[in-house]
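Take a look at the structure set out below.
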Amino acid sequence: MGGVISASYPMWIEPFSGLSESQFRKLVALVRRRGGDVQRGRPWRLCLEDRVLLVATYWRTNLTLRQVAPLFGISKSAADRMLDHLAPLLAISPARRPRQDTVLIVDGTLVPNRDRTIAASSKNYRCSTNHQVVVDANSRLVVAFGLPLPGNRNDCRAFTESGVDLACRDAPVLADGGYQGTGALIPHRRRRGQDHLTPEQEADNAVHRRARPRVEHVFPRMKNWKVLRDCRLRGAGVHHSMMGVARLHNLALSG
């Protein structure tokens, strides 16, 4: 059975991956360098470009693999194997040591998930996972993505338990008031018996208000890949998908 969608037809790339043709080629080259085209055992039914497009299509549309597989002319089980093989290779790289002028911003976002071993009922009234995201304040690129935690976990605990605190050790980090005690820079608040903030504190808060929402702008951009709106994956597959979507977001933003 022949497929409908293929990376050999550029018109399919942007609608189903969220990337331009040149960005998609860069992504395929990265996966190839990471060993995505190495043949072990039975050959893949699809070429590497089509396999990468299949994974991106799954994340972009959030169709089930049973729906995506016929679009590429393969079986559901073959599509499942391709997702398991390529998702870790599409993940963003571990954060490097930041430059001296780098400022990071951290915040958490909730992703609905049906795996109750890692998800919990949360403030969005759904069973969700809490994902801590660290972005560069200047470029708005995702620097680190934490391990998925139950959605009822507060951001203060999730910051350390998810592991993103390790990516923030060598740079100043902006955060909202929920990160008190983590070492992040949070807005000044009036102390007991203090009627007004000092002019210096007001000035600091004004700078903080202008910069911190940049991480909030990243979340809706990333959730254009609809797997972040209702993730059906389980276990490590959740984390690999989040890291892969972060890679696609960075590539789409930076070119």
Query raised in the report: Do we find that ARG234 is assigned to a helix (DSSP H, G or I), open to solvent by 50 Å² or more (accessible area, probe 1.4 Å) and out of contact with any strand residue (DSSP E or B) (no Cβ under 6 Å at 6 or more places or on another chain) in this structure?
Result: no
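What do you reckon, is ALA175 over 18 Å from MET242 (Cα atoms) and either open to solvent by less than 40 Å² (accessible area, probe 1.4 Å) or hydroxyl-bearing (Ser, Thr, Tyr) (or both)?
Values: over 18 Å from MET242 (Cα atoms): yes; either open to solvent by less than 40 Å² (accessible area, probe 1.4 Å) or hydroxyl-bearing (Ser, Thr, Tyr) (or both): yes.
Yes; evaluated as a whole, the condition is true for this residue.
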Report task. Please indicate, with yes or no, whether at least one residue in the stretch 175-192 is under 27 Å from PRO88 (Cα atoms) and of a type in the set (Lys, Arg). Result -> no
Query raised in the report: Does GLY193 fit the bill of being in contact with a strand residue (DSSP E or B) (Cβ under 9 Å, 6 or more places away or on another chain) and in a loop (DSSP other than H, G, I, E, B)?
Result: no
**Report entry** Single condition ALA203 does not satisfy, out of (1) in a helix (DSSP H, G or I); (2) closer than 20 Å to ILE92 by Cβ; (3) modelled with pLDDT of 90 or more; (4) out of contact with any Asp or Glu (no Cβ under 8 Å at 6 or more places or on another chain)
**Finding:** (2)
**Report entry** From ARG116, ARG66, ARG81, residue being part of a loop (DSSP other than H, G, I, E, B), more than 18 Å from VAL245 (Cα to Cα) and basic (Lys, Arg)
**Finding:** ARG116
Report summary line: The condition from (1) within 30 Å of VAL207 (Cβ to Cβ); (2) buried (at least 20 other Cβ atoms within 10 Å of the Cβ); (3) not aliphatic (A, V, I, L, M) that ASN113 misses is numbered (1)
Query - Filtered residue count, the stretch 128-167, keeping only those that are open to solvent by less than 20 Å² (accessible area, probe 1.4 Å), over 17 Å from SER241 (Cβ atoms) and among the hydroxyl-bearing types (Ser, Thr, Tyr) - result: 0
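The values are calculated or read from the model by the stated rules, or taken from the named source; none is laboratory data. Worth saying up front: this structure is predicted, and the values here are computed from it rather than measured. When we count neighbours, we look across all protein chains shown, and the Cβ atoms used for this are built from the backbone with ideal geometry, even at glycine. Accessible surface areas use protein heavy atoms only, side chains included; no ligands, DNA or RNA. Shrake-Rupley method; radii C 1.70, N 1.55, O 1.52, S 1.80 Å.
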